[in-house]
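First the structure, in the form of structure tokens, and then the observations on it.
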Amino acid sequence: MQEFLQQLVNGLSLGAIYALIALGYTMVYGVLRFINFAHSEVFMVGAMTGWAVGRQLPQGTWWGGLVVLGAAMLVCALLGMTIERLVYRPLRGTATLNVLITAIGVSLLLQSVFQHPRVFGATPQLFPPVFPERNFALGGVALSSNQLVVIVVAALLMVGLELVVHRTRLGMAMRAVALNPQAAQLVGVNINAVIALTFALGSALAGAGGVLYALNYPTVEPLMGVMPGLKAFVAAVLGGIGSIPGAALGGLILGTVETFVGGSAWLSTYKDAIAFAVLILILLCRPTGLLGRVAPEKV
Amino acid sequence: MPPPALLQLDQVTIRFGGLTAVSAVDLAVTEGALVGLIGPNGAGKTTVFNLITGVYQPTAGTIALAGRPLAGLRPHRLAALGIARTFQNIRLFGSLSVLDQVLVACNLHRPTSPVQALVRLGAFQQGEAAMRQRAEELLGLFNLLRFRDQPARSLSYGDQRRLEIVRALATRPRLLLLDEPAAGMNPAEKQALIALIRQIHQEFKLTILLVEHSMRVVMGLCERVAVLDHGEKIAEGTPAEIQNHPAVIAAYLGVDHQTALTHH
Amino acid sequence: MESKVQSPKSGIPGPHLALVGALLVAGGVGLCSDWIDPYHLDVLTNIGINVILAVSLNLVNGHTGQFSLGHAGFMSVGAYLAAAVTLNLAPRLFGPDGGAAGPTALLFLGALLAGGLAAALAGLLVGVPSLRLKGDYLAIVTLGFGQIIVVLFQNFEPLGGALGLNGIPPYTTVGWVLAWAAVAVFTVGCLVRSTYGRGFLAVRDDEVAAAALGLDPTRYKTVAFVVGAFFAGIAGGLYAHFRLTITPGGFDFTKSIEIVVMVILGGMGNTLGVILAAVLLTLLPEVLRPVAEYRMILYSLLLIGLMLVRPQGLFCFKRGRTN
Amino acid sequence: MLTVTNLTVGYGAITAVDGVSLAVPAGAIVTLIGGNGAGKTTTLRALSGLLRARGGSATFDGAELTGLAPHEIVARGLGHVPEGRMIFANLTVDENLRMGAYLVRDAAQVAATRERVFGLFPRLRERLRQSAGTLSGGEQQMLAIGRALMGGPKFLMLDEPSLGLAPQLVGAIFEQIVAINRSQGLTILLVEQNARLALEVSSYAYVLESGRIVMAGPSTELRNDPRLKSAYLGG
């Protein structure tokens, strides 16, 4: 039982990170109907920013940790908006596959720029312990302060996003653009601004995710975004791509399942395959994901 | 004794989630008949077509073609049994030429396997040539042969609608379902369409079921008319009976339906 | 109507003549290979393998409109199986110093076909359940299957586990690769250019309308998937006997993406364009070799630039922008 | 109020609107009729900025419209009820109306406009909490018009409000369109296939064929034009 609870806590903290990244995928998909493959590199840039800023700060302080988090979110928000402006906006209205390939191009570009020895290089670097490190024991379940930070920050950010989407004028505009971009324009929504802000929000969440991930697996390197990014994407599809609660749910499920599988002696080497197996099983039963909308095709 | 029904719908019902789109509809279409299906938007007319063609499966009730129940058969199987249709929004294949649209449909009664397409023996070549000839004949009959090699979307709206009908005919159907063939046509084009449907009905000895908004087309063509409202059949009869049916007037035509008729 | 315009109807059909011609050319290049610079031979072999991969994926993604992201997975099945066959049988049949040209060629052909068929079977197993999904969902499921196949190979010790297979006999020559590329192009071309094959395009353009005309969309998609997987498997076998060592990591989703990029850049469903794109994208890293440090940066910038400038595909001149 | 000169719009190789010029005086209902594919919808979409014009100009209250983004055009008081209604199907009727007032910051004004919309279409008030996608075709059309009115436009473009509606409802919708024009002084540009009805409610009409204006004149005159009669009015 204790073992189970321990794995559950580990799983939730991993799942919370997947959820943060998945939200970015799902938000962009919601308004633009395309998979922003470069999102996993935005996540990587978030971790890199955290690493660069964290090294300059005194370690083990709450304020330092929060500064690192804020810096990563800010840099990523700007990066996301820049990518959208320079690359995706000119392609709006062309076939989604083209945008997808372009996104892959952006993803490769960010990876290779960071792999260049003058920028970062290929060698992994240790992520500084920016938050105070303390271990809590709750009835035999060990909880590190980093895990606690992950869960609390992720929960706050997700609640915040939910409030933005459902309680603000921007959120209403985002939903309108997602449902019908043309109609949204005809009621006066500045679609370019809404899309740019969507990218900013999604990318900021990925940036936070990058820092939180790097805190717990304490190295950074240019290819670190690939696997978590892919899994977060799986999480978004699992929950029903385009659905914000779906992305959160998908992330938590995936993180938990993966941790449990990784913890079992027989299956641990199949950890990466299990994530996809779960996804495939769920999609075969519910072709639009867990919380995705099932719309009968108009004939 | 009346001839047996080619198409028989018996208490057909379909629900999507909580919404009952079609509710306990009975409909019998005799061989060789030309029947119209009318009703306000959202009454379930297209859904009935989708049920007959296997796009949806009924939640309850049965559909039979010449006495054979159709439950569980997917659309391509129903096409093979002789049900062809057109669509409310024209659904031509964007990347195929006019001739290819028809050829693809001709393929139904001569299914070639992928292996044959690779080996290309004499018989395969002859078959291809024969189909091409048939497709060209059909296009010629409807005055579309001059567009043969053009992409379908370069055709005018009216020609696209007619091409869709030709394509459906190429499957050699027994029953043809036309979903709002007159949508988006002006009065002159509607007149031509009525003549065309009559011609098809006679020359191909087809049974035709027609969904239409234009009262002019329905009243000008159909021997019988069924009216749907909120998924239920509220009336059925000859055009004259339907025009004076109180329930139909209330639900669909409106009190001043005489002016409404002339408007369309 | 006079059938002057059409290809000759009697005797051997045109495509078959073209195939024989292409095979002769492949044989000729193979015979001359001793006089060609080995580096150029390597590049040419790479090009041939990529052409097979791109043309076969084009049948699935381009002609049939299904978005598969798992092509490298099928390639790995072919690579592993073909390599396993030759690794186990070659020493037993021919002893440690290899055999004469004839028997080894037969063994290699058998190994390739075994690899191709195994990949086709994998394609069938993956395709039947997942092809009812559409668009992005199909993409992610095929991606998932590709990753699962990689993980399975990583954990399967008899085939080398994560370290992969080494010492695969160097059977792949330029002649083999070009011949198979010709066969792949011929097969895809013939399939699509027949009344049967127009069904692929019809299913891509409008599945509902295609079904209403009696075409079985699932069947078409499955055929495309299985044929595509078969040639991916063949390409895998050729790759294994060219590189002589294979690891599961070499077939991950980056490789799948690489093939998808070729198809999209060439213009979906445009066979000639896809072949040219495969050639171009194989040559590009070679051309950029002198600036190795910036190679990937330039490659990705070019990719983005091309998509911005020619969104309809590099080699598509007929159609304007779609959608 | 709206003056269009030589407007040209195309997609790819196709020129859908080819040098269209028209004028809509303040307070009038002007109609644009023509067959399917004549370029009516394309004209409206170019005017509201959804499509970029290749050439020509459009001025609204003296200011140039071409080159502006759709939201800027809406902000100037040009409302557009698009073809196919384009309501936000997953939002409630209430949310759709609130979206319509997206640019209006004054809460009192929003509330007043809302009451006026309910006055025109009482049915919308009954369906306030219902998801817009579950409305009937006629109710969706009312919602689409209501949503456009919520932005407080000075000028309203209506694209085929009769499309796919039962004959009974077509009359009702057109009555409301006339009422909006009369009671609120709203200028209307109406695109319609149902030429007879469009000519009945409008004061001036343009006939579009293959992207060009082929006929124009006061609606009463066009109603009796023999060419128009045979092609669009059914003899």
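The values are calculated or read from the model by the stated rules, or taken from the named source; none is laboratory data. In this text, all values refer to a predicted model and were calculated from it rather than measured experimentally. Cβ atoms come from the backbone with ideal geometry, glycine included; neighbour counts cover every protein chain shown. Please note that ligands, DNA and RNA were not included when accessible areas were found on the heavy atoms of the full protein model with its side chains. Shrake-Rupley method; radii C 1.70, N 1.55, O 1.52, S 1.80 Å.
Enumerate lysine pairs in chain C that are 8 or more residues apart or on different chains, then count those whose Cα atoms are under 24 Å apart.
Numbers: C:Lys4/C:Lys318; C:Lys134/C:Lys221; C:Lys134/C:Lys255; C:Lys221/C:Lys255.
Number of lysine pairs found: 4.
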#### Entry: In Å, descending, principal axis extents of the Cα set of segment C:13-253
60, 46, 29
## Note on the structure
Karplus ³J(HN,Hα) for segment A:20-26 (6.51 cos²θ - 1.76 cosθ + 1.60, θ = phi - 60°; Hz, whole; x = Gly/Pro) runs 4, 5, 4, 4, x, 4, 6
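To one decimal place, what orientation-averaged projected area in nm² is obtained for the convex hull of the Cα set of segment A:119-195?
Details: hull surface 39.1 nm².
Computing the convex hull of the Cα atoms and averaging its projections yields 9.8 nm².
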### Task
Mind grabbing the accessible area of C:Tyr171 for me, 1.4 Å probe, Å², rounded to tens?
40
### Query
What residue among C:Ala292, C:Ala105, C:Ala18 shows peak mean-square fluctuation when chain C is described by a Gaussian network model with Cα springs under 10 Å?
C:Ala292
### Task
Using amide H atoms built 1.01 Å from N in the peptide plane, name the residues 5+ places from A:Thr219, or on other chains, whose amide H lies under 5 Å from its own.
A:Phe127
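Given just the C-alpha atoms of segment D:2-232, how large is their convex hull per residue in cubic angstrom? Can you show the working numbers first?
Details: hull volume 27.6 nm³, N = 231.
Spelled out: Cα convex hull of segment D:2-232, divided by residues, is 119 Å³.
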### Rough spin-label spacing in nm, given labels placed 7 Å along Cα→Cβ, for D:Ala75 and D:Asn6
2.9
### Query
Cα-based Rg of segment C:171-230 per 2.2 N^0.38 Å, rounded to two decimals?
1.39
### Query
Given q = 0.34 Å⁻¹, what are the Debye log10 I(q)/I(0) values for segment B:28-69, with equal point scatterers placed on the Cα positions and solvent ignored?
-1.20
### Query
In terms of modelled amide H atoms, which long-range or inter-chain residues lie less than 5 Å from the amide H of B:Ala235?
B:Val227
### Query
How many times 2.2 N^0.38 Å is the alpha carbon radius of gyration of segment A:208-299?
1.21
### Message
Give me the tail of P(r) for segment C:105-248 as a percent: Cα-Cα pairs with distance above 20 Å.
### Response
56
#### Entry: Per-residue HN-Hα couplings for segment A:254-265 [Karplus 6.51, -1.76, 1.60; θ = phi - 60°; Hz; x = Gly/Pro]
4, x, 5, 4, 5, 5, 5, 5, x, x, 8, 5
### Query
Can you tell which of B:Leu177, B:Leu228, B:Leu141 shows the greatest fluctuation in a Gaussian network model of chain B with Cα springs below 10 Å?
B:Leu141
### Query
So how tilted is helix A:226-239 from the main axis of chain A? Cα-based, degrees 0 to 90, rounded to 10.
60
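So what's the net charge close to A:Ile274: Lys and Arg +1, Asp and Glu -1, counting the other residues with Cβ under 13 Å from its Cβ?
Details: positive: A:Lys231, A:Lys271; negative: A:Glu258, A:Asp272.
Charge balance in the 13 Å sphere: 0.
Report the semi-axes of the equivalent ellipsoid for segment C:2-154 in whole Å, largest first, where each axis is √(5λ) for an eigenvalue λ of the Cα gyration tensor. Write down the numbers at each step before the final one.
On the way: eigenvalues 180, 157, 47 Å².
Over the Cα atoms of segment C:2-154, the semi-axes work out to 30, 28, 15 Å.
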#### Entry: Cα-based reach from A:Lys271 at 12 Å (exclusive), listing aspartates and glutamates while leaving out same-chain residues under 8 positions away
A:Glu258
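Using unit Cβ charges (K, R positive; D, E negative) and no other charged atoms, how large, in debye to the nearest 20, is the dipole of the protein assembly as shown about its Cα centre?
Values: 80 positive and 64 negative charges, 159 e Å.
That gives a dipole near 760 debye.
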### Query
Taking chain A, how much of its Cα-Cα pair set, in percent, is spaced more than 37 angstrom apart?
13
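Taking K and R as +1 and D and E as -1, what net charge do the other residues with C-beta under 15 Å from the C-beta of B:Arg174 add up to?
On the way: positive: B:Arg68, B:Arg77, B:Arg85, B:Arg172, B:Lys205; negative: B:Glu31, B:Glu203.
Result for the local shell: +3.
If you wrap a convex hull around the C-alpha atoms of segment C:172-323 and split its volume per residue, what is the figure in Å³? Don't skip to the answer; put the middle values down first.
Values: hull volume 21.9 nm³, N = 152.
In segment C:172-323, the Cα convex hull volume per residue is 144 Å³.
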## Note on the structure
Highest GNM mean-square fluctuation among C:Ala211, C:Ala181, C:Ala90, for chain C with Cα springs under 10 Å, belongs to C:Ala211
## Note on the structure
Restricting to Cα pairs under 8 Å and 6 or more apart, the percent relative contact order of chain C works out to 32
### Message
Rounded to the nearest 10 Å², what accessible area does D:Ile188 have for a 1.4 Å probe in the complete protein model?
### Response
0
### Query
Where a ≥ b ≥ c are the square roots of the eigenvalues of the C-alpha gyration tensor, would you call the protein assembly as shown rounded, which needs a/c under 1.5, or, failing that, prolate if a/b is larger than b/c, or oblate?
oblate
### Task
For segment B:1-62 and segment B:157-192, write down the distance between their C-alpha centroids in whole Å.
20
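Give the interface area between chains D and A as buried accessible surface, both sides summed, probe 1.4 Å, in Å² to the nearest 100.
Values: alone 10650 and 14510 Å², together 23140 Å².
Summed over both sides, the interface buries about 2000 Å².
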### Order of exposure, largest accessible area first, which applies to D:His71, B:His245, C:His40 with probe 1.4 Å
C:His40, B:His245, D:His71
### Query
Between B:Gln150 and C:Glu286, what is the spin-label point distance in nm, taking each point 7 Å from the Cα along the Cα→C-beta axis?
4.6
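What does the charge count near D:Val20 come to, summing +1 for each Lys or Arg and -1 for each Asp or Glu among other residues with Cβ under 13 Å from its Cβ?
Numbers: positive: D:Lys40, D:Arg45, D:Arg54, D:Arg212; negative: D:Asp18, D:Glu209.
So the surrounding residues net to +2.
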### Task
Give the long-range amide H neighbours of D:His80: residues separated by 5 or more places, or on another chain, with amide H under 5 Å away, using H modelled in the peptide plane at 1.01 Å from N.
D:Met157
### Message
On the principal axes of its Cα set, how long, how wide and how thick is segment D:123-235? Give whole Å, largest value first.
### Response
49, 29, 25
### Task
Pop out the ³J(HN,Hα) list for segment B:225-234 in order, Karplus 6.51 cos²θ - 1.76 cosθ + 1.60 with θ = phi - 60°, rounded to Hz; leave Gly and Pro as x.
9, 10, 10, 9, 8, 6, x, 10, 7, 9
### Message
What aspartates and glutamates does D:Lys40 reach when the alpha-carbon gap must be under 17 Å and sequence neighbours fewer than 8 apart in one chain are set aside?
### Response
D:Asp18, D:Glu83, D:Asp159, D:Glu160, D:Glu192, D:Glu209
### Summary
chain B -> Rg/Rh from Cα coords, Kirkwood Rh, value 0.99
### Query
Principal axis lengths of segment B:1-44 from Cα atoms, whole Å, largest first?
41, 20, 12
